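Below: one structure, written as structure tokens.
The values are calculated or read from the model by the stated rules, or taken from the named source; none is laboratory data. Everything quoted here is computed from the prediction, not taken from an experiment. Here the Cβ is made from the backbone with ideal geometry for all residues, glycine too, and neighbour counts use every protein chain on show.
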Amino acid sequence: MNEGKGRFDIMELIKKVLFTDFVKGLVITFGYNVSMDSVITVKYPDEEKWIPYRRFRGLHTLNRTADGRELCVACELCSKACPTRCITVIPMEDNTGRGISDRVAKVWKVDLVRCLFCGYCEDACPTRAVRLGREYELACFDRNCAVKNREELLRPQPVPEEMSGGVVAKARLRTTPDGIEVVADLSETRKRRV
Ligand code: SF4
Ligand code: SF4
């Protein structure tokens with residue numbers, strides 16, 4: 001027993017004399033320096049954009065069927081499940097085929113200032129109409145722009161739901177009626193340790 005302890009102490013002493021832990025740390029640091037993947041800083045937002053993992057919970061998206069009909073049946077379950085009461089749904093009858101049933105949302109809006117991005121709304125939705133997408137650039141100067149309505153949320157989000165995330169995309173400039181936007185170029189992505 002004592003002999004084993006003595007051997008252990010000698011090993012510890014040798015480690016201390018030879019600075020083995022220190023050398024191990026240096027090897028890791030040096031490995032990062034020579035690695036091809038050594039730059040871990042993302043040059044956000046003008047040169048690169050982070051594409052979050054698929055489980056990320058960002059801006060809400062309202063979805064449609066493959067033939068373009070709205071999945072939301074205005075049942076209000078999302079608004080009832082929301083812990084901060086930030087979703088407003090006003091239903092109406094509709095027989096024009098806009099939605100998958102004869103009840104659609106006249107108003108569907110979410111106040112992002114109060115939203116926790118907890119995902120309870122998407123869990124409560126019986127038709128998978130509301131999903132939390134991967135749009136994270138939600139800062140704005142006016143409180144009103146933090147309230148997103150049905151029309152805005154029905155627009156497809158830039159990162160498709162089926163695309164894998166956890167990558168960095170090259171940023172490119174796009175001219176829009178509101179000015180120039182910096183958007184992610186989804187055709188040029190690469191893995192990056194983040
Ligand atoms: S993510 Fe949570 S807090 Fe935000 S709207 Fe949905 S349920 Fe409400
Ligand atoms: S988004 Fe889903 S839960 Fe909310 S009102 Fe529409 S169908 Fe109901």
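Strands (runs of 3 or more DSSP E) fully within the range 80-194 that include at least 3 residues being at pLDDT 95 or above and within 16 Å of ligand 1 (Cβ to nearest atom): 87-93, 103-111, 130-132, 147-149. Of everything listed in (1) in the same structural domain as Thr61 (by TED's automatic domain parsing); (2) touching a residue at least 60 places away in the same chain (Cβ under 8 Å), the single unmet condition for Val183 is (1).
Residues that are more than 30 Å from Glu162 (Cβ to Cβ) and surrounded by 10 or more Cβ atoms within 10 Å (Cβ to Cβ) were ranked within the range 29-57; the one that is modelled with the lowest pLDDT is Ser38. Evaluate the range 60-75: report whether one residue or more is within 13 Å of ligand 2 (Cβ to nearest atom), of a type in the set (Ser, Thr, Tyr), more than 30 Å from Gly166 (Cβ to Cβ) and outside any helix (DSSP H, G or I). For the range 60-75, residues within 13 Å of ligand 2 (Cβ to nearest atom), of a type in the set (Ser, Thr, Tyr), more than 30 Å from Gly166 (Cβ to Cβ) and outside any helix (DSSP H, G or I): absent.
Restricting Leu112, Leu153 to those that are surrounded by 14 or more Cβ atoms within 10 Å (Cβ to Cβ), within 17 Å of Gly58 (Cβ to Cβ), aliphatic (A, V, I, L, M) and in contact (Cβ under 8 Å) with a residue 60 or more places away in the chain reduces the list to Leu153.
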